[in-house]
1. Compute the FRET efficiency between residue 412 and residue 477 as 1/(1 + (r/R0)^6), taking r as their Cβ-Cβ distance and R0 = 41 Å, and round to the nearest 0.05.
2. Taking the radius of gyration and the Kirkwood hydrodynamic radius from Cα positions alone, what is the Rg/Rh ratio for the stretch 199-302, to two decimal places?
3. Let me know the shape class of the stretch 289-358, please: from the alpha-carbon gyration tensor, a ≥ b ≥ c as square roots of the eigenvalues, rounded when a/c is under 1.5, otherwise prolate if a/b is greater than b/c, or oblate.
4. Gain in length, residue 423 to residue 536, computed as 0.36 nm per residue apart minus the alpha-carbon separation, to one decimal in nm?
5. What nm distance separates the two modelled labels at residue 188 and residue 248, each placed 7 Å from Cα along Cα→Cβ?
6. May I ask you to list the residues of the stretch 262-284 whose amide nitrogen lies under 19 Å from a point 7 Å from Cα along the Cα→beta-carbon direction of residue 208?
7. Taking only the alpha carbons of the stretch 8-83, what extent do you get along each of the three principal axes, in Å, biggest first?
8. Calculate the FRET efficiency for residue 510 and residue 487 from the Cβ-Cβ distance with a Förster distance of 25 Å, rounded to the nearest 0.05.
């Protein structure tokens with residue numbers, strides 16, 4: 001029997017008694033040494049202690065049986081000899097060493113190699129062997145062994161895809177002894193994994209890049225394949241071959257085959273001719289396998305041939321104060337003839353001008369630039385009527401450097417602040433003036449209004465326009481629109497004028513309105529004159545103030561205006577109704593300290609003709625405005641000695657004051673031909689009456705004094721032509737000849753104007 005404890009066998013006897021307990025049998029050693037034990041009930045004998053240290057091979061014991069009766073009956077004693085079997089030999093392997101070459105394509109569960117062990121023990125279980133894998137490393141998880149010693153790949157094993165090329169598989173053979181004896185051997189498994197070389201399935205590649213190609217960015221990827229199933233045997237390594245020129249700019253990722261730039265090709269003057277690259281490949285097996293072929297990569301380079309172009313130029317748009325904030329007001333559109341990205345990719349931005357970008361917004365939608373208002377109130381407050389937004393278009397997206405092209409366009413934004421034009425308060429006007437109308441005469445007030453609420457759009461300026469020549473004779477106040485007569489119309493033959501008036505506001509663009517004033521000129525066909533050259537009347541000094549004294553009349557009318565002039569006391573005590581010609585007392589005559597019995601003064605009608613009025617207390621000399629001025633100075637000198645002789649006491653008193661003042665005004669006014677006209681009127685009126693009285697006996701004396709005094713004063717002022725004309729006129733009158741005419745007309749008429757205005 002084996003030597004381990006717990007091992008045993010059974011002894012038994014037959015009991016013929018059928019009745020319990022008489023038929024119950026119990027077993028006993030006659031003596032025991034403690035090596036074995038006997039179960040008294042079952043008769044099983046088992047090892048009681050470990051027999052490994054025992055040296056004897058056989059043990060003999062005496063055994064008897066007895067029943068359970070009373071008294072018990074005992075059997076005969078038998079002899080039991082126990083032979084001790086021993087595990088004398090350990091297993092051992094034969095046919096060593098075990099070395100096997102396999103590939104990574106082996107099928108699981110198929111035997112790779114078989115190991116064989118022997119055991120020289122002659123009985124089981126000591127000669128019964130069991131195989132197991134006990135190493136090395138991960139081999140027990142990858143391989144398995146059966147009881148015939150056959151080693152195979154486990155199902156689900158990663159052997160075929162592992163990168164390991166050499167396994168040490170440690171095998172143990174154990175016999176059935178307790179304890180068992182073992183033997184170990186090592187099986188060397190060499191796996192050939194790198195069985196295949198890589199190759200390019202597509203050996204030719206073509207690609208196109210811009211001259212601005214970014215560095216390090218993928219251009220193209222070449223790819224080779226390797227039929228090996230596990231790394232590193234199917235892991236590939238790429239290398240770049242080719243011309244030195246190409247290798248100066250291109251690089252390849254050794255692991256992925258991605259080709260990129262490491263130097264910008266725009267530095268190569270021959271970049272646009274392209275590049276040819278050669279790519280080699282090998283796997284990372286050991287030993288490595290080189291590719292069966294190489295790849296050729298042709299890289300073409302294109303540049304930015306065309307700049308962006310704005311279409312539908314020029315760009316103009318208009319807005320007004322009613323335009324909403326943040327609303328689109330215009331857009332620009334740009335194209336690029338380049339067909340390859342990024343040179344046909346356009347970026348738009350607004351770059352000016354002035355303060356435009358603070359008032360208007362800009363955004364890009366595709367190839368369109370959208371211009372919008374920001375805050376319309378800011379635009380209104382700014383006040384300008386014209387803004388310019390400058391827009392830049394750049395191709396190549398956001399590329400910086402070689403090849404980027406740009407262009408600009410301007411968008412003119414007109415802000416229509418001037419929404420309303422001037423409007424005249426009336427339509428055209430028709431009116432009539434006399435040819436005798438004096439410069440400065442009010443013609444019309446052509447008032448216009450403008451509904452705009454801001455300046456200068458509602459500020460109106462008036463001008464006279466048109467080609468009728470009206471601007472030579474009429475004047476308009478640019479601010480008020482009041483039209484007045486600028487120059488006399490007597491010296492032309494026009495029957496009227498069409499005065500075209502324009503009202504223009506100050507907005508941009510300017511708005512204007514026009515109206516027309518049709519002015520008809522009434523031409524005087526008769527000479528304006530008093531019905532009587534001299535008016536006389538006698539009144540009492542007690543006459544009441546405002547009482548009419550006399551009426552002077554002139555013709556033709558209408559439109560005659562009368563006024564009293566002169567420096568004597570007459571204008572202090574008498575007044576005239578400018579319309580009717582009624583002369584009345586304006587101051588109590590009794591208040592005159594001089595107690596004059598004769599008052600003389602001049603009445604002017606329409607600034608053109610004269611009349612003289614005389615009486616015992618009042619002498620009204622109506623001789624016109626100019627004669628009154630002339631006589632103040634002229635008669636004081638010219639008639640000084642003459643009147644003192646002729647008139648005795650009367651003329652020195654009357655003419656003393658008159659002539660002293662007359663000469664002061666005469667010399668300041670009389671120019672050119674004026675003296676000739678003055679003398680014509682003077683001598684015609686004054687001398688006509690005066691000389692008729694005195695010429696009989698005083699002509700010699702009068703002329704002597706007259707010429708001496710008159711020439712002395714006149715030569716101080718009147719020069720050259722004045723003296724010659726004056727003397728000619730004077731001598732003509734003294735000799736009784738008619739007064740010379742002004743342009744062929746009597747001096748008193750001169751086209752109906754004042755003598756002083758003849759020819760200007």
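Readers should treat all values here as calculations from the given coordinates under stated rules, not as data from a laboratory. Computed from a predicted structure; not experimentally measured. Glycine also receives a Cβ, built like all others from the backbone with ideal geometry; neighbour counts cover every protein chain displayed.
1. My answer for the efficiency is 0.65.
2. That ratio equals 1.02.
3. prolate
4. Full-extension gain reported as 34.9 nm.
5. 5.5 nm
6. Correct set: 265-266, 271-277.
7. Answer, in whole Å and largest first: 46, 18, 17 Å.
8. In this case the efficiency is close to 0.30.
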